[in-house]
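Inspection log for the structure reproduced underneath, given as structure tokens.
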Amino acid sequence: MSNILVLYASVSGNTEMMARIIIDTFKNRNVDIDVKVFDEDRIEAKDILQYDGILMGLYTWSGGELPFEVEDFYDGVSDLDLRGKVCGVFGSGDQFYDDFCGAVDIMYEQFEDVGATMIPYKVKVDMDPEGEEIMECQRLAEEVCQLVGKGV
């Protein structure tokens, strides 16, 4: 088992594209990771306790809400103690809405509230990642590697 998890939910494929950039960054650096997708894998919040690093990607639903498939996971995180765990959050949204990538902010705060060591920035992308946004996704993977001792 790897000690880094990339976990994501994607409806339009944009957050999945971000996750793929992150996954490829790990692979290019020969870092073994686990990948879980909310629509494909059974995921419970307590499952993340086995990892030292967690990168979570999600899209924002409607008026800044969490995706429905993430709601139970989010609730379960509130019961965890993530001290000593490194977490980062990324996601896609549409700047048309007032609360751009609000779900990213909500999940970031939840991880922070239960003691996780947070990557000090969130990667938010308007629709699909391009140019600088691709490099931000790569940087997120590199940052978690350094913080969990898997130097890149």
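Some notes on this structure:
- Pairs are defined by a Cβ separation below 8 Å, a sequence spacing of at least 6 or placement on different chains, a first member in the range 61-73 that is among the aromatic types (Phe, Trp, Tyr), and a second member that is surrounded by 14 or more Cβ atoms within 10 Å (Cβ to Cβ) and assigned to a strand (DSSP E or B); the pairs so defined are Phe68/Trp61.
- Taking the conditions (1) out of contact with any Gly (no Cβ under 9 Å at 6 or more places or on another chain); (2) farther than 19 Å from Cys137 by Cβ in turn, Glu44 satisfies each one other than (1).
- Filtered residues of the range 1-43 (kept if part of a helix (DSSP H, G or I) and of a type in the set (A, V, I, L, M)): Met17, Met18, Ala19, Ile21, Ile22, Ile23
- Residue within the range 79-95 that is surrounded by fewer than 18 Cβ atoms within 10 Å (Cβ to Cβ) and farther than 23 Å from Asn3 by Cβ present: yes
- Test for Glu65: is it surrounded by fewer than 21 Cβ atoms within 10 Å (Cβ to Cβ), modelled with pLDDT under 95 and farther than 21 Å from Ile22 by Cα: yes
- Residues of the range 42-62 that are surrounded by fewer than 18 Cβ atoms within 10 Å (Cβ to Cβ) and either on the phi > 0 side of the Ramachandran plot or at pLDDT 95 or above (or both): Glu44, Lys46, Asp47, Leu49, Gln50, Asp52, Ser62.
- Residues in the range 88-119 that are part of a strand (DSSP E or B) and under 19 Å from Met17 (Cα atoms) were compared, and the one that is farthest from the chain's Cα centre (by Cα) is Gly93.
- Hits in the range 81-117 - residues which are more than 23 Å from Ala141 (Cα to Cα), touching a Gly at 6+ places or on another chain (Cβ under 9 Å) and not aromatic (Phe, Trp, Tyr): Asp98, Asp99
- Annotation: of all residues in the range 122-132 being touching a residue at least 12 places away in the same chain (Cβ under 8 Å) and outside any strand (DSSP E or B), the one that is nearest to the chain's Cα centre (by Cα) is Lys122.
- Test: residue in the range 70-82 that is at pLDDT 90 or above and farther than 21 Å from Glu44 by Cβ: no
- Against the conditions (1) among the polar types (S, T, N, Q); (2) surrounded by 15 or more Cβ atoms within 10 Å (Cβ to Cβ); (3) without any contact (Cβ under 8 Å) to a residue 40 or more places away in the chain, Gln138 satisfies every one except (3).
- Some residue of the range 133-148 being farther than 22 Å from Asn14 by Cα and among the aliphatic types (A, V, I, L, M): yes
The values are calculated or read from the model by the stated rules, or taken from the named source; none is laboratory data. Bear in mind the structure is a predicted one, so any value in this text is a computation, not a measurement. Every residue, glycine as well, gets a Cβ built from its backbone with ideal geometry; the counts of neighbours run over all protein chains shown.
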